[in-house]
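Novice: Can you keep this structure in mind? I'll have questions shortly.
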Amino acid sequence: MSGVVAQRENNLVVQVNKIIAPVQPTMWGIFFEDINMGADGGIYAELVKNRSFEFYKPMMGWTVSGKKLKEGDVLVVNRKELNEANKRYIRVTVNQAAEGDLYMINEGFRGMGIKKNLRYHFTYMYKEAAGVKMHIALVDSTGAKLSDEVVITPKQAGPAWTKDSISFTAGSTALKGKLLIWFEGNGKIDLDMISLFPSDTWKNRPGGMRADMIQMLADMKPGFVRFPGGCIVEGFDLTQRYQWKKTIGPIEDRPLSINRWNFEMPKRQAPDYFQSFGVGFFEYFQLAEDIGAEPLPIINCGMACQFNSAEVVELNELDPYIQDALDLIEFANGGTNTKWGKVRADLGHPASFHLKMMGVGNENWGPQYIERLKLFTQAIKSKYPDFKIVNSSGTDPNGERFDYLNTRLRDMNADIIDEHYYRRPEWFFANARRYDQYPRNGTKIFCGEYAAQSDKTTSITNTNNWLTALSEAAFMTGLERNAGVVSMASYAPLFAHVDGWQWTPDLIWVNNLHAYGTADYYVQQLYSTNKGSQVVSITLKDDVVAGQDSLYATASIDTVKKELILKIVNGSGAEQASVLTLEGIKKIAPDAKQIVLQSNSLSAENSIEQPLLISPKESDIVIKNKKFTYRSAPYSFNIIKIKML
Ligand code: AHR
């Protein structure tokens, strides 16, 4: 920063030929959970809420009205005996109706994001239609039309459910549009799976994902995608646990489930939060493949959330749960001649998804976890000896629960231990050395969920401010330096809708039209896109650079690009001059690059209005000698990339 006098000067020595560890391609990844309207109302681009009338209150999300509306004109019909997965539909009876006489409006997920000139695809299932026309349009909160009206005359008068669709173009943009269906004529119709999708989905897949949100993930170039959570894997009780087999195949056959986050947070209740599983396990695997990341599914281990019911399955009744895990591996990797490999092929993906690892349990703990985990491990390893299992170390990075699990898991030679920390920024600054003494051989560490909390865990006043992001950047120097033991890391949670969140802070915030990355997002992205392939030594007075004078640093090399990548975090409010000496390197090119993420205000935050307030600034710099001075601005995260000749 010009005009600011350097207050401190440190001598950092980089030994380019002193390789500390390889950086795993999986090192920086993403953690996805359907929390904060992350899937329904989030990446799943469906605009209709409660399209199949399966919510606890069957007409939630829908308003039925009109001048001629009489009692019983719109009936919720139950067909549980015939279809357990999709129990309800509606029957609409229409009496000599014209515009305004009988209509239904769907409010979407806190409204529907509507874009001018974009095509929208309306689909529905129906039967026993007689004498009824449906008029479809998008409207704003005042009822003004956002699109032309399209008219449908359903022809199927018989009892067979029939799918139909129509497309139309929006004439205006709105953040909180709605879907209007009004009925004309004299007769009736049975309706189900009433759905509306924008045409600009990710890879233009019909019924697909919201492209802007997925693009933000792709831009991180993540090494892995962990899904589907989080506590959602466990469920409040075991009936609500995540069951992957129920999330694949035709969407009308995927049984809806209440979302655990519906009622979990007393101050952020979301009674309309359900899981339609429109994004199910096939879609998660496909997403990982699309963005070049390893899939990392987490599977229920026979235990419900221990903060909630804490139900467990008897050990002698665990087989179906274990079978789900084995079948999942076959679903992902099995040949098309296997039962589950064929299911995958029939869904349109004959090639393997190359699944190499799986988490057994999310935040589970205690001897009850170890007992169940052992049975899963035995079964998985005896069929797939090279398959890696991610093991839970509970909810916290220390304390009795952690110590117990850490000891037991290491006794079991666990492949990977998943550690979680939701802690204040001071903890992150102070723990940059956490992994320096971890054993190098055997068990690897997955920092599976972490985020600095500006207040405290689950506080609704937590923010994604620059202090939280900077503290994560400092802490992550310790993860990168310890790439020999830390093989994966992911911030959590990933997404939050500004009008529908339960948990804060979160990496990416969205409304119905826009998505923005927090400062924490840019920290994650910068680490991931500048990771290099090998960590090399960087020291300050023969010690690692981990907080002396609030300075944190790591160094890595990209052996393909022949680049030295230095990461320097200045956690102090003063500019710092670092004198860097590069050893073990023949020559460097003078034209180097720096990327700086910085704010003078620790409370600054990105927002929908100012999405790039704190965002990386890249510039060219000249480094003439192997000994040079780098000035890092107050409160800054700096990356310096130097070509090695
Ligand atoms: O990320 C939010 C929640 O935090 C996850 O669901 C859970 O694993 C952790 O407690």
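Novice: Of 32, 53, which residue is within 16 Å of the ligand (Cβ to nearest atom) and within 20 Å of residue 260 (Cα to Cα)?
Specialist: Selected residue: 32, the only one of 32, 53 that is within 16 Å of the ligand (Cβ to nearest atom) and within 20 Å of residue 260 (Cα to Cα).
Novice: What's the total number of residues in the range 499-527 that are within 13 Å of residue 472 (Cβ to Cβ) and either of a type in the set (S, T, N, Q) or in contact with a His (Cβ under 9 Å, 6 or more places away or on another chain) (or both)?
Specialist: 3
Novice: Then there's this: Specify which of the listed residues (575, 605) is more than 30 Å from residue 510 (Cα to Cα), surrounded by 14 or more Cβ atoms within 10 Å (Cβ to Cβ) and of a type in the set (Asp, Glu).
Specialist: Going through 575, 605 in turn, just one is more than 30 Å from residue 510 (Cα to Cα), surrounded by 14 or more Cβ atoms within 10 Å (Cβ to Cβ) and of a type in the set (Asp, Glu): 575.
Novice: Going through the range 385-417 one residue at a time, which ones are out of contact with any Phe, Trp or Tyr (no Cβ under 8 Å at 6 or more places or on another chain) and either basic (Lys, Arg) or within 19 Å of residue 226 (Cβ to Cβ) (or both)?
Specialist: Of everything in the range 385-417, those that are out of contact with any Phe, Trp or Tyr (no Cβ under 8 Å at 6 or more places or on another chain) and either basic (Lys, Arg) or within 19 Å of residue 226 (Cβ to Cβ) (or both) turn out to be 387, 388, 391, 408, 409, 410, 414, 415.
Novice: Restricting attention to the range 401-429, and to residues there that are part of a helix (DSSP H, G or I) and among the hydroxyl-bearing types (Ser, Thr, Tyr), which single residue is farthest from the ligand (Cβ to nearest atom)?
Specialist: Checked the range 401-429; the qualifying residue farthest from the ligand (Cβ to nearest atom) is 407.
So that you can scan it fast, the table gives a plain yes or no per residue for (1) within 16 Å of the ligand (Cβ to nearest atom); (2) farther than 27 Å from residue 111 by Cα; (3) surrounded by fewer than 18 Cβ atoms within 10 Å (Cβ to Cβ); (4) over 31 Å from the mean Cα position of the chain (by Cα):
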position: 151; (1), (2), (3), (4): no, no, yes, yes
position: 156; (1), (2), (3), (4): no, yes, no, yes
position: 160; (1), (2), (3), (4): no, yes, yes, yes
position: 205; (1), (2), (3), (4): no, no, yes, no
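Novice: Residues that are among the hydroxyl-bearing types (Ser, Thr, Tyr): list the strands (runs of 3 or more DSSP E) wholly contained in the range 555-645 that include at least 1 such residues.
Specialist: Answer list for the range 555-645: 576-583, 617-622, 627-632, 636-643.
Novice: Restricting attention to the range 270-304, report how many residues are over 29 Å from residue 389 (Cα atoms) and without any contact (Cβ under 8 Å) to a residue 40 or more places away in the chain.
Specialist: Going through the range 270-304 one residue at a time, the tally reaches 0.
Novice: Can you tell me which residue among 432, 451 is part of a strand (DSSP E or B) and either among the aromatic types (Phe, Trp, Tyr) or over 30 Å from residue 326 (Cα atoms) (or both)?
Specialist: Residue meeting the stated conditions: 451.
Novice: Within the group 291, 299, 370, which residue is modelled with pLDDT of 95 or more and within 16 Å of the ligand (Cβ to nearest atom)?
Specialist: Result: 299 is the single residue among 291, 299, 370 that is modelled with pLDDT of 95 or more and within 16 Å of the ligand (Cβ to nearest atom).
Novice: Here is a list: 213, 220. Which entry is assigned to a loop (DSSP other than H, G, I, E, B), crowded, with 18+ Cβ neighbours inside 10 Å, away from the ligand (no atom under 16 Å from the Cβ) and on the phi < 0 side of the Ramachandran plot?
Specialist: None of the other options fit; the residue is 220.
Novice: Could you list, in sequence order, all residues of the range 379-420 that are of a type outside the set (Val, Ile, Thr) and buried (at least 21 other Cβ atoms within 10 Å of the Cβ)?
Specialist: 391, 392, 393, 394, 405, 409, 414, 418, 419, 420
Novice: Do we find a residue being within 21 Å of residue 407 (Cα to Cα) and basic (Lys, Arg) anywhere in the range 438-450?
Specialist: yes
Novice: Being closer than 27 Å to residue 296 by Cα and in contact with a helix residue (DSSP H, G or I) (Cβ under 6 Å, 6 or more places away or on another chain) narrows it down to one of 520, 558, so name that one.
Specialist: Going through 520, 558 in turn, just one is closer than 27 Å to residue 296 by Cα and in contact with a helix residue (DSSP H, G or I) (Cβ under 6 Å, 6 or more places away or on another chain): 520.
The values are calculated or read from the model by the stated rules, or taken from the named source; none is laboratory data. Bear in mind the structure is a predicted one, so any value in this text is a computation, not a measurement. No Cβ is skipped: glycine too gets one built from the backbone with ideal geometry, and neighbour counts run over all protein chains shown.
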